[in-house]
1. Could you grab me the full set of residues in region 192-213 that are over 26 Å from Tyr240 (Cβ atoms) and either among the hydroxyl-bearing types (Ser, Thr, Tyr) or in a strand (DSSP E or B) (or both)?
2. Among the residues of region 537-575, write down those that are among the small types (Gly, Ala, Ser), modelled with pLDDT of 90 or more, touching a strand residue (DSSP E or B) at 6+ places or on another chain (Cβ under 9 Å) and open to solvent by 20 Å² or more (accessible area, probe 1.4 Å).
3. Can you find, within region 349-369, the residue that is nearest to Ala135 (Cα to Cα) among those that are open to solvent by less than 10 Å² (accessible area, probe 1.4 Å) and part of a helix (DSSP H, G or I)?
4. Contact list please: Cβ distance under 6 Å, first residue in region 273-297 and under 15 Å from Pro142 (Cα atoms), second residue β-branched (Val, Ile, Thr), pairs at least six apart or on different chains.
5. Open to solvent by 50 Å² or more (accessible area, probe 1.4 Å) and at pLDDT 95 or above - does that describe any residue in region 336-348?
6. Could you count how many residues in region 117-145 are touching a Cys at 6+ places or on another chain (Cβ under 9 Å) and of a type in the set (Val, Ile, Thr)?
7. When the residues of region 245-260 are filtered to those that are within 15 Å of Lys167 (Cα to Cα) and in contact with a Ser or Thr (Cβ under 8 Å, 6 or more places away or on another chain), which remaining residue is least open to solvent (accessible area, probe 1.4 Å)?
8. Go through region 67-80 and give me each residue that's in contact (Cβ under 8 Å) with a residue 60 or more places away in the chain and open to solvent by 20 Å² or more (accessible area, probe 1.4 Å).
Amino acid sequence: MYQYTDFDRRFIRARAAQYRDQLERHLAGSLGGEEFKPLRLQNGWYIQRHAPMLRVAIPYGALASQQLRALADIAEEYDRGYGHFTTRQNLQYNWIALANSADVMDRLAAVDMHGIQTSGNCVRNISSDVFAGTAPDEIVDPRPFCEILRQWSTLHPEFAYLPRKFKIAVSGAREDRVAAGWYDIGLQALSDDDGQIGFRVQVGGGMGRTPMIGAVIRDFLPWQQLLVYVEAILRVYNSYGRRDNIWKARIKMLVKAEGARFTEAVEREFADILQRDPGGAAHLITLHEFNRVASQFAPPHGVRPDASAALATGHAHEPAYLRWLQRNVHTHRLPGLRAATLSLKRAGQAPGDATAQQMRAAADLAERYSHGELRVSHEQNLVLPWVSAAALHALWRDAREAGFATPNIGLLTDMIACPGGDFCSLANARSIPIAAAITERYTDLDELFDIGDIDLNISGCINSCGHHHSGHIGILGVDKDGAEWYQITVGGGDGSEVGGAASPGKIIGPSFAAEEVPDVVEALITLYLRQRQAGELFVAFARRVGAQPFKAAADAVRRATATQEHPQAAAPQQSAPEGDAKTPGGRPASHERPQGRLADPPPVGVKKTWGGPAFP
């Protein structure tokens, strides 16, 4: 994994010292809350429902064992003993006192970590394939490109105050395992007929109130031009993105409004950077620069292909081990090696949560079996990328003892869920109790294996941090007169082979009361099991039969909502993210669920005219 240079370390320690000064002035009263707010946000510090929340960046998901131990220490000493791994390869704490935040920044910097640009209207943490560098279908290792983008975008003065937050994902494999279509910029590696490497560029994907799949604006971009082209996209967005309406400020709205004119504007800006900007062509990535960064991503010392290494024999009588091999172990580009997933989905804990003790146990496993390296997955699990095939049984035994060996990767209980209303001040409803109820209902592994691959994603509000839009079954928490209701969608996809083409799921009617949701999920699964064709996955079945059969099955198990004369789906409430300077308000940070709705929406009648002077 990437090794920080002396410059990198000086940089993040200087940033931590700068933040300490800002915090001390704020606590002393000489730096007001509104002045301090953007400073703390761009270092990853939010104010949430009960306490400050810190989001720690884990660039492209790569994590060293000593870093994970440091995260465990912070959880134990400053938080309540645990952290939450997110869908965008970050880790969040929910209970750190603001007065301690500078101390935590120093602790992170000591192990080459930080929260820089994990919030705010800037380029956020760059996401990538959890199997980068190990996947057999890899065209090019995406991590060097992610690191080049990270270094270029960090504290970039031109893009520190974009119209809204901006997210980039990079995939280097034939299969899209990063949900590229759902990102502001999704980059998918390709190889042309001459063997040259480039990227398909999608722009304008996003979830939230208006889910959209990114439009392809370049079918093949030579890798050397990547920085310049991304800069051209960001310049166009910075110039013409909506700043008058928070709900229409994401780049997806600009791409939708302008269509081909957006692409034309990017191409003009791209040409201008190269031909007119002083030193613009210097941002082309040279082979020397690529090799310099790529050299940091060589396999760990001691990792060698070993065609003679084989799975340990003599364990065919252990069904639990064989199931774990089937679901949690993944093929590798190097002979004799495997990648293994440590499941963070188990009864009694929220999806993606890990206690300090569990973090240390995972760090121990990484050092024992994966040369001290882990990865954080899009699905909120941990991955050991460098495991010898001969050590798999020993790893399974130790992972089982530590609680990481549930053989459910890709199955129904391997669900994605945001923290929801238990922690987040933006949430309209809780996610964790819904996830727990579904997990408790589906404890039979035979049943889970029979159901097969399925993505169940849960979001506590329309901001879609739980990626409910891309779930084969999606659950969205909505607010209706101060009560928690849940909207159900089916047939979404993230773009992976199992996940199906990237697309938002279809709503199957009015929303449901919380106590009805587990029954609804069971009804949808039962419909699939009864009517599926041989070998047909849930998502393929959902797209074949459409939403209506699911709607009928779900309506048949209504109880609380069926008693209403005219049940109506609760309209998703717009939870304004704190990380934007134009936030119109939010829920009070109270331990009790507040009644009523969010503060007033943006003023009506403010509209930007698209066309004309925007893109001549």
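1. Step one: of region 192-213, the residues over 26 Å from Tyr240 (Cβ atoms) are 192-198.
If the condition is that a residue be over 26 Å from Tyr240 (Cβ atoms) and either among the hydroxyl-bearing types (Ser, Thr, Tyr) or in a strand (DSSP E or B) (or both), then Ile197, Gly198 are the ones that fit.
2. Taking region 537-575 as the starting set, the residues that turn out to be among the small types (Gly, Ala, Ser) are 540, 542, 546-547, 552-554, 556, 560, 562, 569-571, 575.
Next, from what is left, pick out any that are modelled with pLDDT of 90 or more: 540, 542, 546-547, 552-554, 556.
If we keep only those that are touching a strand residue (DSSP E or B) at 6+ places or on another chain (Cβ under 9 Å) too, we end up with 542, 546-547, 554.
Across region 537-575, the qualifying residues are Gly546, Ala547.
3. Only one residue tops the list, namely Ala366.
4. Val293/Ile148
5. Residues of region 336-348 that are open to solvent by 50 Å² or more (accessible area, probe 1.4 Å), as a first pass: 338, 347-348.
Now drop any that are not at pLDDT 95 or above, which leaves 338.
Yes, some residue in region 336-348 is open to solvent by 50 Å² or more (accessible area, probe 1.4 Å) and at pLDDT 95 or above.
6. First, pick out the residues of region 117-145 that are touching a Cys at 6+ places or on another chain (Cβ under 9 Å): 126-128, 132.
Narrowing the set further to residues that are of a type in the set (Val, Ile, Thr) leaves 126.
Selection size over region 117-145: 1.
7. Lys252
8. Residues of region 67-80 that are in contact (Cβ under 8 Å) with a residue 60 or more places away in the chain, as a first pass: 68-69, 71-73, 75-76.
Residues satisfying the conditions are Arg69, Asp73, Glu76.
The values are calculated or read from the model by the stated rules, or taken from the named source; none is laboratory data. Being a predicted model, the structure only gives us computed values, none of them experimental. Note: ideal-geometry Cβ built from the backbone for every residue, glycine included; neighbour counts use all protein chains shown. In case anyone asks, the SASA skips ligands and DNA or RNA and just uses the protein heavy atoms, side chains included. Shrake-Rupley method; radii C 1.70, N 1.55, O 1.52, S 1.80 Å.
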